[in-house]
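Okay, structure first, notes after.
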Amino acid sequence: MAERVQTKRFVTSVLVHDRVGLLRNVTQVVFALDGNIEHIRQTVVSGFFHLIFTSEHPDAVSAEALRNQLIGSLDAEAAVTVLACEELPEPEVNEAPRYVVMTRGMDKPGTILAITTFLGDHAINIEDWVVERDHDAVVYIAKVAIPETIALRQLQSEFREAMSAIGLTAILCHENIFRATNEIGPIKSLLK
């Protein structure tokens, strides 16, 4: 019977000026260290590549070794953080229904703070967040988890009023409603 190899899990964040081949370079390092990427999220924001991922490696691989190898394969100014995470924590809000929050208005200091304060004060977890420019306005879109104990209609009304007070139009709706009204394609395929 083969002996089970002891493993370690890391969560890694990489931030660097975007260029072609960065994700390939990162995955080559993980593979070279006998690692397997389990979860991954990558995006580019204002010309900066950002990647966060979890990976599992043989016990002999250290967080420092992974970090040093990554820095060696990327640009010198890359910001790389590697943390040990033996167990992936269960999300506290994983059972809450998902909704989409969208606001639109002129860009000004404090807008994101106002939106996130409202959501935080109502125990709403932000799972994903995007800010996009639309001509002279800015559109803020967040995927959120809203506890079932919250009265949705009252929350929607309070959110619209709070955002209106700072010059934003706002909607808060279930993610399936948002997808059905904002994606092209048959509705049946949206309701998975």
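Every read-out reported here was derived from the displayed coordinates using simple, explicitly stated rules and does not represent laboratory data. Keep in mind it's a predicted model, so treat the numbers as computed, not measured. Every residue, glycine among them, receives a Cβ derived from its backbone with ideal geometry; neighbour counts consider all protein chains shown.
Report, by chain and number, residues whose modeled amide H sits under 5 Å from the one on Ala78, excluding near sequence neighbours (fewer than 5 apart, same chain).
Those lying under 5 Å, H to H, from Ala78: there are none.
Using 1/(1 + (r/R0)^6) with R0 = 25 angstrom and r between the beta carbons of Asp59 and Gln28, what's the FRET efficiency to the nearest 0.05?
Approximately 0.70, to the nearest 0.05.
Points 7 angstrom from Cα along the Cβ direction at Asp107 and Phe48: gap in nanometres?
Here the modelled spin labels are 1.5 nm apart.
So how far apart, in nm, are the two label points at Arg153 and Val130 if each is 7 Å from Cα heading toward Cβ?
Placing both labels 7 Å along Cα→Cβ, they lie 3.1 nm apart.
Using the Karplus curve 6.51 cos²θ - 1.76 cosθ + 1.60 with θ = phi - 60°, what ³J(HN,Hα) values do you get for each residue of region 9-20, in whole Hz, with x for Gly and Pro?
Once θ is set to phi - 60°, the couplings for region 9-20 become 10, 10, 10, 10, 10, 10, 10, 7, 4, 6, 7, 5 Hz.
What do you get for GluC sites (Glu not before Pro) in region 9-83 restricted to DSSP loop and a cutoff of at most 14 other Cβ within 10 Å of the site's Cβ?
Glu77
For the chain, take the longest principal axis of its alpha carbons; what is the angle in degrees between that and the long axis of helix 22-32, to the nearest 10 within 0 to 90?
40 degrees
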